[in-house]
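The values are calculated or read from the model by the stated rules, or taken from the named source; none is laboratory data. Keep in mind that this is a model prediction, so the values were computed, not measured. Every residue, glycine among them, receives a Cβ derived from its backbone with ideal geometry; neighbour counts consider all protein chains shown. Side chains included, ligands, DNA and RNA excluded: accessible areas come from the protein's heavy atoms. Shrake-Rupley method; radii C 1.70, N 1.55, O 1.52, S 1.80 Å.
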Amino acid sequence: MNIADLVTARPPEHRNVGIRYDDRLHLVTDAKKIYLELGVPCELHDLSITYSVPKHAASWYAGAFERLTGHPAFNEWDEPPARRRAS
């Protein structure tokens, strides 16, 4: 039985964590690495890789993305609201 079938409360709010790039050189390669090594079905955007997560998981995913790709990650849970809208 799935726990979601038992819980009647709303699911937690999600925000994006991911990596922003200056160009597309490593975008697809890093996204494939994230999927194949972590099993995370991330989203590809123009110059970023993102994955939507609840607050308590965000720092773990951001750290895992950084360690796996060698690029600094962003975490929308740690950014002020104006910065999130501009992304």
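Out of PRO12, PRO54, PRO72, any idea which swings most in a Gaussian network model of the chain, alpha carbons joined below 10 Å? Taking springs between Cα atoms under 10 Å, the residue moving most is PRO12.
So, for the chain, what is the accessible surface per residue at a probe of 1.4 Å, expressed in square angstrom? Spell out each step's value before the answer.
Values: 6170 Å² over 87 residues.
Each residue of the chain exposes 71 Å² on average to a 1.4 Å probe.
Here the Gaussian network model covers the chain, with springs between Cα atoms less than 10 Å apart; of THR50, THR69, THR29, THR29 fluctuates the most.
What a 1.4 Å probe finds exposed on the chain is 53% carbon and sulfur by accessible area, rounded to a whole percent. For segment 47-62, the Karplus equation 6.51 cos²θ - 1.76 cosθ + 1.60, evaluated at θ = phi - 60°, returns couplings of 10, 8, 10, 9, 8, 8, 9, x, 4, 6, 9, 4, 5, 5, 5, 4 Hz by residue, with Gly and Pro reported as x.
Two numbers describe the Cα atoms of the chain: Rg and Dmax, which are 14.1, 45 Å.
Pick out, in residue order, every one of the GluC sites (Glu not before Pro) in the chain that is DSSP loop and has at most 12 other C-beta atoms within 10 Å; say none if there are none. Provide the component values of the computation, followed by the final result.
Values: sites: GLU13, GLU37, GLU43, GLU66, GLU76; in loops: GLU13.
Answer by residue number: GLU13.
Rounded to the nearest 0.05, what FRET efficiency is calculated for ASP5 and TYR35 with R0 set to 25 Å and r the Cβ-Cβ distance? Please report the intermediate quantities before stating the final value.
Working: r = 27 Å, r/R0 = 1.09.
Calculated transfer efficiency: 0.35.
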